Amino acid sequence: MEPRLDLPLRPRRNRRSASIRDIIAETSLAAQDLVMPLFVMEGSGKHQAIQSMPGIFRTSLDQALRQVEQLQRLGVRSIALFPYIAPELRDGLGSEALNRQGLSPRVIKAIKKRFPAMVVFSDVALDPFNSDGHDGIVRRGQVVNDETVAVLAQMAVLQAEAGADYVAPSDMMDGRVAAIRKALDEAGFTHTGIMSYAAKYASSFYGPFRDALDSSPKAGDKKTYQMDPRNLREALREAALDEAEGADMLMVKPALAYLDVIAAVRQHTTLPVAAYNVSGEYSMIKAAAKAGYLDHDKAMAESLMAIRRAGAGIIFTYFAKEMAELLKKR
Ligand code: PBG
C-alpha cells in the first residue's frame with residue numbers, strides 16, 4: 001500500500017500540467033512590454049562590437065534602421081536611444097547636447113520618419129557629451145544642479161522637435177522633470193511625454209554601458225546625484241516628486257537587485273512603472289551562459305518575468321530582441 005496523507009489542500013494540483021500552469025499564471029511577458037536600448041554613432045556601415053556586452057553593437061544610423069525594422073517585425077514597439085559622441089565633440093559644458101543638427105536629433109528624426117509607429121525614448125543627460133563623464137555640469141569639482149537643469153530642459157525640447165515620443169531624463173538632478181515639462185509646454189510640445197528615471201541608484205551594474213559610450217566619470221563617482229543602494233523610502237520620495245512635477249512614467253534602475261523598489265513604487269503610484277534591466281545584468285547572464293554555468297534563454301526569460309512580477313509594466317532590456325525571438329518560437 002502506498003502511504004496516503006490526510007491532506008485536502010494540495011497546491012501541487014495546480015501545477016500538474018503545462019496547460020494548468022499556463023491558465024493559473026499570475027504574470028505574463030510579451031514583446032510589447034520590452035524596450036530595446038540602441039547605441040548610435042556617426043558614419044555609415046558602422047557596426048562596432050562592445051566587448052563587455054556580447055551581442056550588442058554601437059551602430060551608425062543605417063544599421064540602426066535595420067535593427068529597428070527587425071524589432072518591429074518581432075513585435076517590439078519601442079526603443080531607447082543613446083548616442084556615442086566623438087571625443088573631440090565633448091566639452092565641460094556638454095555643448096554638443098544642444099546642437100540641433102547633432103547625432104541624437106538626426107537619428108530620432110530618421111527613425112520616426114521610417115517607422116512612425118515605433119515609440120522612441122530619447123535620453124536626457126549630459127554624460128555622453130561631457131568631457132568630465134558626469135550627467136551634469138561640473139564646477140569646482142561639484143556637479144551643479146540648477147545650471148544643468150536649464151541645459152537638460154533645452155536638450156529635451158530639441159529631442160521633442162526631432163519627434164521623440166518620450167524624453168527620458170536619466171540624470172537625477174533635482175527639479176528637472178518640472179523644468180522639462182515647462183520648457184516642452186512653452187515650446188508647444190504638450191504631447192511629448194516624460195519618462196523619468198525616478199529612482200536611479202549609484203550602481204556598479206552600469207559598467208558595460210559606460211564602456212559602450214566611453215562615458216565613465218573622469219573623476220569621482222555619481223553618488224551626489226544617483227541614489228544610495230541602501231535606501232528604499234528615498235525612492236518613494238523621488239517617485240512622488242517626479243510624479244508631482246509632471247512625469248508620465250516612472251522608472252526604477254537597475255532592476256534585478258532592486259525588485260523590492262519596483263514593487264514599492266508600483267504600490268505608491270498610478271503611473272506606468274518601468275524598470276531598466278541594465279548592462280551589467282545583461283552581461284552577467286551572457287558571461288555565465290558562455291562559461292556553461294547556466295542556460296541562457298531560461299535565465300533571460302526568468303529574470304525578465306521576475307521584473308514583471310515585481311510590478312514593472314515596461315522593461316528596458318538589451319535582451320528585448322532575443323526575448324521577442326524566443327516568445328515567437330514558443
Ligand atoms: C547615464 C546613464 C547610465 C545608464 C543609462 N543612462 C549610466 C550611468 O549612470 O553612468 C546605464 C544603463 C545601463 O547600464 O545599461 N545617464
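For the ranges 129-135, 42-48, what's the packing order if you count other beta-carbon atoms within 10 Å of each residue, average per peptide, and put the highest first?
129-135, 42-48
Of all DSSP beta bridges in the stretch 119-278, what percent run antiparallel (nearest 5)? Walk me through the numbers on the way to the answer.
Numbers: 3 of 18 bridges.
Around 15 percent antiparallel, to the nearest 5.
Identify which of A287, A199, A219 has the largest mean-square fluctuation in a Gaussian network model of the chain, with springs joining Cα atoms closer than 10 Å.
Of the options given, A219 has the highest mean-square fluctuation.
Full-extension gain between Q48 and R230, please, as 0.36 nm times their residue separation minus the C-alpha to C-alpha distance.
On the way: separation 182, 0.36 × 182 = 65.52 nm, distance 3.62 nm.
Difference between extended and current length: 61.9 nm.
Around T317, what is the net charge, scoring Lys/Arg as +1 and Asp/Glu as -1 over all other residues with Cβ under 10 Å from its Cβ? Don't skip to the end; give the middle numbers.
On the way: positive: K321; negative: D33, E281, E322.
Net of charged neighbours comes to -2.
Specify the inter-centroid distance of the stretch 189-255 and the stretch 257-319, based on alpha-carbon positions, in whole Å.
Their Cα centres are 16 Å away from one another.
Provide the FRET efficiency to the nearest 0.05 for the L7-A30 pair, computing r from the beta carbons and using R0 = 41 Å. Before the final figure, lay out each step's value.
Details: r = 37 Å, r/R0 = 0.90.
It comes to 0.65.
Taking the alpha carbon gyration tensor of the stretch 249-330, what are the square roots of 5 times its eigenvalues, largest first, to the nearest whole Å? Don't jump to the answer; show the numbers that get you there.
On the way: eigenvalues 113, 37, 19 Å².
Each semi-axis is the square root of five times an eigenvalue, giving 24, 14, 10 Å.
Suppose each label sits 7 Å from its Cα in the direction of the beta carbon; what would the D174-Q70 distance come out to in nanometres?
So the label points at D174 and Q70 sit 4.5 nm apart.
Can you compute the helix-only [θ] at 222 nm over the chain? Use -39500 (n - 2.57) per DSSP H run of at least 4 residues, normalise by all residues, nearest 500 deg cm²/dmol.
Helix contribution divided over all residues of the chain: -12000 deg cm²/dmol.
Compute the Rg/Rh shape ratio of the stretch 13-171: radius of gyration over Kirkwood radius, all on alpha-carbon atoms.
Numbers: Rg = 19.0 Å, Rh = 17.3 Å.
That ratio equals 1.10.
Normalise the Cα radius of gyration of the stretch 29-329 by 2.2 N^0.38 Å (N = residues in it) and let me know the number.
Details: Rg = 17.8 Å, N = 301, 2.2 N^0.38 = 19.2 Å.
Dividing the Cα Rg of the stretch 29-329 by 2.2 N^0.38 Å gives 0.92.
Coordinate-derived values only; no laboratory data. Worth saying up front: this structure is predicted, and the values here are computed from it rather than measured. With ideal geometry, Cβ positions are generated from the backbone for all residues, glycine too; neighbour counts draw on all protein chains shown.
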